[in-house]
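S.K.: Quick one: the structure is below, questions incoming.
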Amino acid sequence: MARLAKMPPIQEDIHACTMCGYCVPVCPAYQEAGWEGASPRGRVFALRQYEMRGPLDLLLRRQVKPGEDFARNTWECTGCGACEEVCPVDIPFDKLWDDVKEWMVKSGYERKELEPYLANVRETHNLFGEPTEARGAWIPPEAVQSANPEVLYWVGCVASYKRQQIARAVVKILNAARVPYKILGSDEWCSGAPLARMGYQETTKKELMPHNVNAVEETGAKVLVTACAECYRAFARDYKQWGGNPPYSVFHISHYVEKLIREKRIAFTKPLPQKIAFHDACHMSRVAKVYEPPRQALKFIRDLKVLEILPHHEDALCSGAGGGFPAVFPEQAAGVAQRRLDAAEDTGATALVTTCPHAEMHFEGVARQRNMSLSIVDLAEMLANAL
């Protein structure tokens, strides 16, 4: 039996919980699993029982110690932030669940399905275990990098290896605006945001963050631009909370396009007469509080009709792609994605557009499996198509 490591300093948060249950119906894992152990309230209840155990519990060997069942429920969290959004006493659940997963990992309850991701990042600096030197292989000949860049384009693991059309789209936008930019290639390591949600916060803080913050700083660029919701979250939120303050501004491509339009450096002149459904990526919207810039960026495209998927903004449902959820609970993760895809189809749109390459890969897999005609497109691709 695994020996529990010291509990993280979360006692104040778990005792702040009023057990009101607002977090139960909004939790994607609970919506799929239907049992309360998978919900935030269920997990908080178990943590509280452990924290409040007394001499009698120990004497009678009452099982109030979080074990395998609790650990399993811990990873039924996608890191979507829905529980924190509705919590009437403002418990910082986003941080709490990362800390609890890390505690479970340190106590020997890590998920075997997630260990390959950690090994891949340690060995090849990307989630997929692809060769480090191939990270910049997608860079097209028209990408003219500057020795004195205004912008560092942070590509991310997914766009570097699995959805390179996103990376090429960003390059097309930067070229069109004549922005001097640089791409790190093999010097770019995984931002670590996905790993931190899997219980490997320590690796992200101690190994990935210092390297990444410095690698960008050394280019001299005053602005970091990324098209990945997870990487945006890492630089704009996680790194700052962990004291790795990046000495440059952090923009998602949607923020940056708005800036370029305002400065009259770019114009999207090609009309795209189609209906698209916009999906709020959890790490951009609820977690990093960025709701309007992606919608605003899509409004710059002529003849494009942007439809809202119900529910949207802070109430939007998760894609099910985060926190290693698809690796540990593949059926639940597919169910979460399916509900969102169905709601997108209900709008009458032909494509679902979002800002998270991880969500896009997950949506695409589920849509293909179910023979859906809905196409999954990144916001950067949409913008590049309108140039």
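The values are calculated or read from the model by the stated rules, or taken from the named source; none is laboratory data. All values reported here derive from a predicted model rather than from experimental measurement. Note: ideal-geometry Cβ built from the backbone for every residue, glycine included; neighbour counts use all protein chains shown.
S.K.: Considering every residue within the range 367-384, establish whether at least one is buried (at least 24 other Cβ atoms within 10 Å of the Cβ) and under 24 Å from residue 84 (Cβ atoms).
M.R.: Within the range 367-384 (the criterion being buried (at least 24 other Cβ atoms within 10 Å of the Cβ) and under 24 Å from residue 84 (Cβ atoms)), the answer is no, since none of the residues qualifies.
S.K.: Would you mind stating whether residue 336 is in a strand (DSSP E or B) and either of a type in the set (Ser, Thr, Tyr) or crowded, with 20+ Cβ neighbours inside 10 Å (or both)? Reasoning before the result, please.
M.R.: Working: in a strand (DSSP E or B): no; either of a type in the set (Ser, Thr, Tyr) or crowded, with 20+ Cβ neighbours inside 10 Å (or both): yes.
Criteria not met by residue 336.
S.K.: Is it true that residue 118 is touching a helix residue (DSSP H, G or I) at 6+ places or on another chain (Cβ under 7 Å), assigned by TED's automatic domain parsing to the domain that holds residue 200 and over 30 Å from residue 180 (Cα atoms)?
M.R.: yes
S.K.: Scan the range 38-45 and give yes if some residue there is assigned to a loop (DSSP other than H, G, I, E, B) and either free of Cβ contacts under 8 Å to residues at least 12 places away in the same chain or more than 17 Å from residue 4 (Cα to Cα) (or both), otherwise no.
M.R.: Yes: the range 38-45 contains one or more residues that are assigned to a loop (DSSP other than H, G, I, E, B) and either free of Cβ contacts under 8 Å to residues at least 12 places away in the same chain or more than 17 Å from residue 4 (Cα to Cα) (or both).
S.K.: Could you pull out the residue among 30, 22 that is surrounded by 20 or more Cβ atoms within 10 Å (Cβ to Cβ) and aromatic (Phe, Trp, Tyr)? Before the answer, list the steps.
M.R.: Numbers: 22 fails: surrounded by 20 or more Cβ atoms within 10 Å (Cβ to Cβ).
Only one candidate qualifies: 30.
S.K.: Take the conditions loosely packed, with under 14 Cβ neighbours inside 10 Å and assigned to a loop (DSSP other than H, G, I, E, B) and apply them to residue 116. Does it pass? Full working, then the answer.
M.R.: Values: loosely packed, with under 14 Cβ neighbours inside 10 Å: yes; assigned to a loop (DSSP other than H, G, I, E, B): no.
In short, no.
S.K.: From 123, 188, 113, 207, which residue is charged (D, E, K, R), within 25 Å of residue 384 (Cα to Cα) and modelled with pLDDT of 95 or more? Let's see the steps before the verdict.
M.R.: Numbers: 123 fails: within 25 Å of residue 384 (Cα to Cα); 113 fails: within 25 Å of residue 384 (Cα to Cα); 207 fails: within 25 Å of residue 384 (Cα to Cα).
After applying the criteria, what remains is 188.
S.K.: Which of the residues that make up the range 1-35 are farther than 18 Å from residue 96 by Cα, among the charged types (D, E, K, R) and part of a helix (DSSP H, G or I)?
M.R.: 32 - this is the single residue of the range 1-35 that is farther than 18 Å from residue 96 by Cα, among the charged types (D, E, K, R) and part of a helix (DSSP H, G or I).
S.K.: Across the range 74-93, what is the number of residues that are surrounded by fewer than 22 Cβ atoms within 10 Å (Cβ to Cβ), in a helix (DSSP H, G or I) and not acidic (Asp, Glu)?
M.R.: 1
S.K.: Another question, if that's okay. Assuming residue 298 fulfils every condition listed in (1) among the aliphatic types (A, V, I, L, M); (2) surrounded by fewer than 17 Cβ atoms within 10 Å (Cβ to Cβ); (3) assigned to a helix (DSSP H, G or I) apart from one, which condition is it?
M.R.: (2)
S.K.: Of all residues in the range 119-139, which are of a type in the set (S, T, N, Q) and assigned to a helix (DSSP H, G or I)?
M.R.: 120, 124, 132
S.K.: Can you list residue pairs whose Cβ atoms sit under 9 Å apart, with the first residue in the range 109-123 being closer than 17 Å to residue 205 by Cβ and the second being acidic (Asp, Glu)? Count only pairs 6 or more apart in sequence or on different chains.
M.R.: Correct list of pairs: 118/110; 121/207; 122/207.
S.K.: Within the range 138-150, identify whether any single residue is touching a residue at least 60 places away in the same chain (Cβ under 8 Å), over 25 Å from residue 364 (Cα atoms) and either surrounded by 18 or more Cβ atoms within 10 Å (Cβ to Cβ) or touching a Phe, Trp or Tyr at 6+ places or on another chain (Cβ under 8 Å) (or both), and answer yes or no.
M.R.: Yes, there is a match, as at least one residue in the range 138-150 is touching a residue at least 60 places away in the same chain (Cβ under 8 Å), over 25 Å from residue 364 (Cα atoms) and either surrounded by 18 or more Cβ atoms within 10 Å (Cβ to Cβ) or touching a Phe, Trp or Tyr at 6+ places or on another chain (Cβ under 8 Å) (or both).
S.K.: Could you grab me the full set of residues in the range 367-382 that are assigned to a helix (DSSP H, G or I), modelled with pLDDT of 95 or more and of a type in the set (S, T, N, Q)?
M.R.: None - no residue of the range 367-382 is assigned to a helix (DSSP H, G or I), modelled with pLDDT of 95 or more and of a type in the set (S, T, N, Q), so the list stays empty.
S.K.: What number of residues in the range 259-277 are touching a residue at least 40 places away in the same chain (Cβ under 8 Å) and not hydrophobic (A, V, I, L, M, F, W, C)?
M.R.: Residues meeting the conditions: 6.
S.K.: For the range 115-133, does any single residue satisfy the condition of being under 20 Å from the mean Cα position of the chain (by Cα) and closer than 13 Å to residue 227 by Cβ?
M.R.: Taking every residue of the range 115-133 in turn, none turns out to be under 20 Å from the mean Cα position of the chain (by Cα) and closer than 13 Å to residue 227 by Cβ.
S.K.: Let me ask something else. Test residue 293 against the criterion of being part of a helix (DSSP H, G or I), closer than 30 Å to residue 105 by Cβ and not hydroxyl-bearing (Ser, Thr, Tyr), and give yes or no.
M.R.: no
S.K.: Write out, first by first residue and then by second, each pair whose Cβ atoms fall under 7 Å of each other, whose residues are 6+ apart or on separate chains, and whose first residue, in the range 201-222, is touching a residue at least 40 places away in the same chain (Cβ under 8 Å) while the second is basic (Lys, Arg).
M.R.: Short answer, once both residue conditions are applied: 219/182; 221/182.
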